[in-house]
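The values are calculated or read from the model by the stated rules, or taken from the named source; none is laboratory data. Owing to the predicted nature of the structure, the values given are computational and were not obtained by experimental measurement. FYI the Cβ positions are ideal-geometry reconstructions off the backbone, even for glycines, and counts take in every protein chain you see. Quick note on the areas: whole protein, heavy atoms, side chains included, nothing else; ligands and nucleic acids left out. Shrake-Rupley method; radii C 1.70, N 1.55, O 1.52, S 1.80 Å.
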Amino acid sequence: MFETGAILDDKWVILELIGKGAMGEVYRAHQSNLKRDVAIKVISSEVLTELEDDPEEQAITFGRFEREVQTMARVRHTNIINIYDYVENGAIGADWEDKTAFIVMEYIPGNSLRFTMVEEGLDDVPEEYVNWLEKYFLPVLDGVEVLHNNGIVHRDLKPENIFMDGEVPKIADFGLARSRHMKAVTTSIEMLGTLAYMSPEQSADFKNAGFLADIYALGKILYEAVHGTLDEKTLPFTSVSLETTESMFLTEINKVIEKATAVSPAERFQTVPELRSTLLKSLSIYREEQLQNLQGEVPVTGSPIKKDGYG
């Protein structure tokens, strides 16, 4: 859509294409007046070409794009990507070359949450899974809670849509988000999202999928991190659970996963705080197990080792 070196609105210089999806392209650009790099997301030229003769679909596509930036702009949080600007030029129904819209947002040079996970899962190294939960997953929950508190359902939570700013996860890609403050631009017969993380109700009635659809996706991410990368054997729209649980900790984690991914929304955690609270209890069980293991390693003969070093 944009060539390297192109200048947008006399201040953003396109540096390189850094990502491309089904609907849009993302570029790294330099904002000359503020001397900083930014990310610019634009509707792809392929999409615009396909919609060239369909003004109604053009309006829906640009409406969804505008809603994405309006949704992002409503919240500010450490674990949510920052939005800087939105620019739209041209008229609906015109040649696509004359119609452009792009979002200017925080540029994050790192990878996604996917790169904090291992393909084979961490069920055989629970200490690393605990570290992943505390370091990455709990902050993601903080971001999702802020979204929900602002009446926003993301509807496309997955590791690839959570960027890593160093060690800080940031929720991004609000193209499918729904907000109670804005009128929907999709019809109820559409099914949008990523199948592996999509809740049953989202597949049946995308327009009305609510907060519990995000809870389901979080449960799938939780499962994937411990079990391993989701594959064709993992059926969409179903509950998931660990095949084996060799410790009390993994048994409790499995209960969290099963409840978060329950097929019936009524059987899931009803809020992010409820999910977080149960997860923290599981982490407490892990700490207790570790303490018991350490106590079991204390020599039977001789004086016990004093923790303060004054034995």
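General remarks:
- Any chance Thr234 is of a type in the set (Val, Ile, Thr), surrounded by fewer than 17 Cβ atoms within 10 Å (Cβ to Cβ), free of Cβ contacts under 8 Å to residues at least 60 places away in the same chain and more than 25 Å from Ser179 (Cβ to Cβ): yes
- The range 148-196, residues that are open to solvent by less than 40 Å² (accessible area, probe 1.4 Å), assigned to a loop (DSSP other than H, G, I, E, B), modelled with pLDDT of 90 or more and not charged (D, E, K, R): Gly151, His154, Leu157, Ala172
- Pairing residues of the range 106-126 that are more than 14 Å from Leu242 (Cβ to Cβ) with residues that are open to solvent by 40 Å² or more (accessible area, probe 1.4 Å) and in a helix (DSSP H, G or I), at Cβ distances under 9 Å and at least 6 apart in sequence or on separate chains, gives Ser112/Glu160; Leu113/Glu160; Arg114/Glu160; Thr116/Lys135; Val118/Glu128.
- Within the option set Lys255, Lys207, Lys259, Lys220, being under 20 Å from Met117 (Cα atoms) and not aliphatic (A, V, I, L, M) holds for one residue only, Lys220.
- Index of the failed condition, Pro236 passing every other in (1) assigned to a loop (DSSP other than H, G, I, E, B); (2) under 16 Å from the mean Cα position of the chain (by Cα): (2)
- Pairs are defined by a Cβ separation below 9 Å, a sequence spacing of at least 6 or placement on different chains, a first member in the range 30-53 that is over 23 Å from Ala172 (Cα atoms) and modelled with pLDDT of 85 or more, and a second member that is open to solvent by 60 Å² or more (accessible area, probe 1.4 Å) and not in a strand (DSSP E or B); the pairs so defined are Ser32/Asp10; Asn33/Asp10.
- Yes/no for Gly121 being surrounded by 14 or more Cβ atoms within 10 Å (Cβ to Cβ), part of a helix (DSSP H, G or I), within 22 Å of the chain's Cα centre (by Cα) and among the small types (Gly, Ala, Ser): no
- So Ser277, is it closer than 22 Å to Phe211 by Cβ, open to solvent by 50 Å² or more (accessible area, probe 1.4 Å) and polar (S, T, N, Q): yes
- Residues of the range 217-231 satisfying the condition of being open to solvent by 10 Å² or more (accessible area, probe 1.4 Å) and within 18 Å of Glu134 (Cα to Cα): Tyr223, His227
- Taking the range 87-103 as the range and being within 30 Å of the chain's Cα centre (by Cα) and either at pLDDT below 90 or surrounded by fewer than 13 Cβ atoms within 10 Å (Cβ to Cβ) (or both) as the test, the residues that pass are Val87, Glu88, Asn89, Lys99, Thr100, Ala101.
- Note on the range 13-44: residues that are out of contact with any Leu (no Cβ under 8 Å at 6 or more places or on another chain), farther than 19 Å from Gly63 by Cβ and open to solvent by less than 50 Å² (accessible area, probe 1.4 Å) total 6.
- Residue that is under 20 Å from Met117 (Cα atoms), out of contact with any strand residue (DSSP E or B) (no Cβ under 8 Å at 6 or more places or on another chain) and either open to solvent by 50 Å² or more (accessible area, probe 1.4 Å) or charged (D, E, K, R) (or both), where the choices are Glu289, Glu243: Glu243
- Residue match in the range 74-84 (condition: open to solvent by 70 Å² or more (accessible area, probe 1.4 Å) and within 15 Å of Ala177 (Cβ to Cβ)): yes
- Residue check: Ile253 meets all listed conditions (1) open to solvent by 50 Å² or more (accessible area, probe 1.4 Å); (2) touching a Leu at 6+ places or on another chain (Cβ under 8 Å) but one, namely (1).
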